[in-house]
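Written out below as structure tokens is the structure these notes cover.
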Amino acid sequence: MRLLKRPRSLTTAAGLATLMLLTGCATEPEADAPQTATSTPAATDDTATTTLPEPPAAPEKPAAMANDDEAGARAAADYFLALYAYTVQSNDVTLLDDFCYEASTFCTAVRLDLEDAENTGQVLAGGDLTWTTEPQVEQRTDASAYIVQGTIHQSASQLVTSEGSVVDAYEAEDLERAIYIYWDSGDWYGFDIAAPSETASE
């Protein structure tokens, strides 16, 4: 699970957790080798237990995603955030596979983390993602590529087993992130969610 702050680079010794958003490990297609930011999980009691979360509802695409302009790019970025949270909370990669740009190393890493999660029976509780500021939308030199950048709040979360035992806990955090999206053949695709310092400059 690749939470922004909880990716494989994020957490467990087995490399399971990466949850949402915000430790993006990829850059734009023409960027140098990707780097991954990590965050330190909060200390937990090994014997702690919690109630298993209800399965999350799958996000719906905003109507504005029909537009190939800044409004459409913003809507696509919002959907990418919601979809990322849903994916790592549900261990369901179906919608992510449909939305991700085929060359996205970020999405590939999320899939690998979720394979680990399924093998160990662990799920993520919490870790919702919301903008805390109005993000900036920038069209790249390639007219089909946009970056949507701003501060994202990632709520507190817990990594739990199917029996409800708490494996790790993660504090809430505000993180600066850039979301890369592309318009191609009449639809939007997600490529990366990364710290601004990890993104490529023109």
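Taken together, the values in this text are just the output of simple stated rules run on the coordinates, not laboratory data. Predicted, not measured: the structure shown is a model, and the values here were computed from it. Using ideal geometry, Cβ is built from the backbone for each residue, glycine included, and neighbour counts are taken over all protein chains shown.
Here are a few things to note about the model shown:
- Hits in the stretch 179-189 (condition: within 10 Å of residue 146 (Cα to Cα) and surrounded by fewer than 24 Cβ atoms within 10 Å (Cβ to Cβ)): 182, 183
- Here 92, 68, 97, 78 are screened, and the one residue that is in contact with a Gly (Cβ under 9 Å, 6 or more places away or on another chain) and among the charged types (D, E, K, R) is 68.
- Test: residue 159 is surrounded by 14 or more Cβ atoms within 10 Å (Cβ to Cβ) and either of a type in the set (D, E, K, R) or over 12 Å from the mean Cα position of the chain (by Cα) (or both): yes
- The set of residues from the stretch 106-153 being of a type in the set (Gly, Ala, Ser), under 16 Å from residue 79 (Cβ atoms) and touching a Cys at 6+ places or on another chain (Cβ under 9 Å) is empty.
- Residue within the stretch 132-140 that is surrounded by 14 or more Cβ atoms within 10 Å (Cβ to Cβ) and in contact with a Ser or Thr (Cβ under 7 Å, 6 or more places away or on another chain) present: no
- Residues within the stretch 55-70 that are outside any helix (DSSP H, G or I) and under 17 Å from residue 148 (Cβ atoms), tallied: 6
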